[in-house]
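Down below is the structure, laid out as structure tokens.
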Amino acid sequence: KFLIAYVDFSAYSDLAIGTGLLFGVKLMENFEFPLFATNISDFWRRWHISLSSYCREYVYMPVIGATRNPYVAIFMTMAAIGLWHEGNWSYLAWGVFHAVFLVAYLSWGRLKRRRDWSFDSRALGVAGAVFTVMMCSAAQSFVVTREIGIRAGFRVLGALVGLNIP
């Protein structure tokens, strides 16, 4: 479902860009090869750029300005992106799922800097890209089950890691 959504939405965006050019209007690109992102933060810089930029400007920045807490700002931003999609519990869970991984990535980066660790390896970049696509695909468990409820999304997510959630 994740790859289908990407191909569909990217194609619609390309059609809009092309149609705009026919009328002399230049529209921004909305995707910059997000499937090649090496981490979740990079993914969100490349995925649905118009919505991500809007939410960064009008949700993330005001929240971080008010709280000085990037973790709260990330959760609020991703919750807003989730609610923007359909305004239901499934998409809210989808947004929170992404927020958890964004916060984990931010925490990992801070730990690396504090300990002065450096990992410069091409293999780690590939592993990061694979892990990012896997996590974004796992988040879709909430989207594909939205008609039958959020609990079904947790059951699918549990099944992905070998848990049988009743």
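The values are calculated or read from the model by the stated rules, or taken from the named source; none is laboratory data. Keep in mind that what you see is a predicted model, and the values were worked out from it rather than measured. Because the Cβ atoms are built from the backbone with ideal geometry, glycine has one as well, and the counts that use them run over all protein chains shown. All accessible areas refer to the heavy atoms of the entire protein, side chains included, with ligands and DNA or RNA removed. Shrake-Rupley method; radii C 1.70, N 1.55, O 1.52, S 1.80 Å.
Annotations for the structure displayed:
- Heavy-atom accessible surface of the chain, averaged per residue, reaches 63 Å², computed with a 1.4 Å probe.
- Relative contact order computed over the range 1-139 (Cα-Cα under 8 Å; 6+ residues apart), in percent: 24
- DSSP H segments from the chain that extend 20 Å or more along their own axis, Cα-based, with Kyte-Doolittle mean of 0.5 or above: 2-22, 70-85, 122-144
- All-pairs alpha carbon distance profile, the range 61-127, 5 Å steps from 0, percent: 4, 17, 17, 19, 17, 13, 10, 4, 1
- Loop-located chymotrypsin sites (Phe, Trp or Tyr not before Pro) in the range 69-118 (DSSP state not H, G, I, E or B) with no more than 10 neighbouring Cβ atoms inside 10 Å: Trp117.
- Dimensionless Rg/Rh of the chain - Kirkwood Rh, Rg from C-alpha atoms: 0.99
- Computed [θ] at 222 nm, deg cm²/dmol, the chain (DSSP H ≥ 4; -39,500 (n - 2.57); rounded to nearest 500): -23500 deg cm²/dmol
- Overall, the accessible surface of the chain at a probe of 1.4 angstrom is composed of carbon and sulfur to the extent of 65 percent.
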